[in-house]
C-alpha cells in the first residue's frame with residue numbers, strides 16, 4: 001500500500017491516505033466509524049506526544065513547565081497522556097481540577113486561571129495544593145486572601161496582566177486587548193502587585209499573560225513578553241520578587257493554508273528575548289492547548305441525505321453543531337475529507353447536520369464525491385470539539401476513541417437517551 005499523491009493533510013504524518021483510504025496512525029477511519037458508530041471523535045496519542053515533546057525539547061536545559069490548557073480537550077485519556085509525559089495543566093474551573101486529579105495529574109503542577117473563580121473553587125484548589133493562581137483582578141486578590149486565611153493556607157499567586165497586544169486572531173478568542181475581560185491592565189499591574197504583597201494570605205510567585213488563541217505570528221508573543229519584562233523589572237525594583245514568567249499559550253495550527261510558527265521556533269525566540277534582556281535564568285511557563293491536540297483528532301460522520309437545491313446543495317450528515325460548534329460559533333473553516341475516495345465527479349455541497357438551526361453547518365461549498373452511507377472526516381477536530389459539545393435537540397454526545405500504535409481504545413462511551421434526563425424530575429401532580 002502506498003500513500004496517495006494528494007496534498008498533505010492537517011495532522012500529517014499521523015493522518016494520510018493509503019490507496020484512497022484515510023488513515024490515522026495507520027488505522028482506517030472508515031473501519032473505526034463502522035465499529036464504534038458515528039458521530040465519533042478519533043485521536044492520535046502519538047501526535048499528542050510529539051506536539052508536547054516539541055515544546056519540551058526546545059526548553060531542554062532551561063527551568064520551565066509546559067502546562068496543557070485542558071479546556072481544548074479534557075478527556076481523561078488525553079489528560080493522562082500529558083500527565084505521564086510530565087506536563088503541568090492550565091485549568092479554569094474546579095471541575096477541570098477534579099479531572100486532572102482523576103487522570104493522575106499532580107496538583108502541584110497546576111496553574112488556575114479564569115476571571116470568575118468561586119470561593120469554593122479557591123478552597124478546593126488550596127486544599128489540593130495547586131502550584132499557583134493566575135489572578136485576574138484586584139477584587140480576586142482580596143477574595144483569595146480571605147479564603148486562604150480561612151483555610152489556614154497561603155495562596156501562591158501570579159498576576160495575569162493584560163498587555164493590550166493585538167494577537168491578530170478572531171475577536172471571540174482574542175484575550176490580550178483593553179476591551180477584553182481578561183487580566184489586570186498593564187498600567188495598574190504594579191499597584192496590584194504591591195497590594196498582593198501586602199496581604200497575609202498571599203505569596204507572589206510569578207507573572208502571567210495570555211493574548212489569545214490560534215495565533216499564527218511571532219510578533220504578538222514578543223511584544224507581550226517585552227511588556228511583561230518591563231513589569232517584572234518595575235515590580236522587583238519595588239522589592240517584590242518574581243519567580244516565573246508565564247507567556248501563556250495560543251499558538252495556532254494549520255486548518256487550511258495557515259503557516260503558524262513551530263513550537264520550537266516560538267520557544268527559541270522567547271528564550272532569545274529573555275536572554276537579551278537579562279532574564280535568562282527565570283523559570284518559563286507555557287500554556288499550549290490547541291497546538292497540542294488540534295491536529296491530533298478528527299470527527300467522523302455519516303452522510304444521511306443528499307438534498308440538491310436551486311441555489312445550494314446540502315449534504316446532510318449525522319454530526320451537528322452540538323458535536324462541533326466551531327463553524328457555527330466562529331465561522332471556522334475545517335477540512336472535510338471522505339474516509340474512502342469514491343470514483344465519479346464531485347459536486348459542491350454545504351455539509352450540514354440534522355439540528356433544527358440554519359446555523360447548523362460543518363462546512364460550506366465543499367467539493368465532494370459522496371453518496372448516502374459514506375463516512376466523512378472533519379479534520380483538525382482534536383481541540384474545542386468534544387470539549388464544547390452539548391446535548392442540544394436532546395442529542396447524545398459522541399463517543400471518543402484514542403489510537404496508539406496498533407492499539408485502539410474507547411475512551412468515552414456514547415451517551416444513551418436515558419442519561420440525558422436522568423437527573424430531571426417529573427412533577428408529583
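Applying the selection to region 188-205, what residues are in contact (Cβ under 8 Å) with a residue 60 or more places away in the chain and either in a helix (DSSP H, G or I) or outside the structural domain of residue 138 (by TED's automatic domain parsing) (or both)?
196
Tell me the residue from 306, 271, 300 that is modelled with pLDDT of 95 or more and under 30 Å from residue 218 (Cα atoms), please.
271
Taking the conditions exactly as written (buried (at least 17 other Cβ atoms within 10 Å of the Cβ), touching a strand residue (DSSP E or B) at 6+ places or on another chain (Cβ under 7 Å) and part of a strand (DSSP E or B)), does residue 242 satisfy them or not?
Spelling it out, it is not the case that residue 242 is buried (at least 17 other Cβ atoms within 10 Å of the Cβ), touching a strand residue (DSSP E or B) at 6+ places or on another chain (Cβ under 7 Å) and part of a strand (DSSP E or B).
When you go through 123, 102, 72, 47 one by one, which is the residue that is surrounded by 22 or more Cβ atoms within 10 Å (Cβ to Cβ), closer than 30 Å to residue 135 by Cβ and touching a helix residue (DSSP H, G or I) at 6+ places or on another chain (Cβ under 7 Å)?
72
Given the structure, is residue 324 buried (at least 18 other Cβ atoms within 10 Å of the Cβ), outside the structural domain of residue 183 (by TED's automatic domain parsing), modelled with pLDDT of 95 or more and part of a loop (DSSP other than H, G, I, E, B)?
Taking the combined requirement at face value, the residue satisfies it.
Of the residues 106, 120, only one is over 21 Å from residue 208 (Cα atoms) and either out of contact with any strand residue (DSSP E or B) (no Cβ under 8 Å at 6 or more places or on another chain) or free of Cβ contacts under 8 Å to residues at least 60 places away in the same chain (or both); which?
Just a single option satisfies the conditions, and that option is 120.
If you scan region 42-66, which residues turn out to be within 15 Å of the chain's Cα centre (by Cα) and closer than 25 Å to residue 325 by Cβ?
Matches in region 42-66: 43, 47, 48, 51.
Can you tell me which condition residue 114 does not meet? The list is (1) out of contact with any helix residue (DSSP H, G or I) (no Cβ under 7 Å at 6 or more places or on another chain); (2) surrounded by 19 or more Cβ atoms within 10 Å (Cβ to Cβ); (3) in contact (Cβ under 8 Å) with a residue 60 or more places away in the chain, and all the others hold.
Of the numbered conditions (1) out of contact with any helix residue (DSSP H, G or I) (no Cβ under 7 Å at 6 or more places or on another chain); (2) surrounded by 19 or more Cβ atoms within 10 Å (Cβ to Cβ); (3) in contact (Cβ under 8 Å) with a residue 60 or more places away in the chain, the odd one out for residue 114 is (3).
Identify the residue in region 174-191 that is buried (at least 20 other Cβ atoms within 10 Å of the Cβ) and within 30 Å of residue 152 (Cα to Cα) and, among all such residues, is modelled with the lowest pLDDT.
My answer is 182.
Would you check which residues across region 5-26 are closer than 26 Å to residue 322 by Cα, touching a residue at least 12 places away in the same chain (Cβ under 8 Å) and touching a strand residue (DSSP E or B) at 6+ places or on another chain (Cβ under 8 Å) and list them?
9, 11, 15, 22, 24
When you go through 148, 58 one by one, which is the residue that is closer than 15 Å to residue 249 by Cβ and in contact (Cβ under 8 Å) with a residue 24 or more places away in the chain?
Selected residue: 58, the only one of 148, 58 that is closer than 15 Å to residue 249 by Cβ and in contact (Cβ under 8 Å) with a residue 24 or more places away in the chain.
The values are calculated or read from the model by the stated rules, or taken from the named source; none is laboratory data. The structure displayed is predicted, hence computed values, not measured ones. Methodologically, a virtual Cβ is constructed for each residue, glycine included, from the backbone with ideal geometry; neighbour enumeration extends over all protein chains shown.
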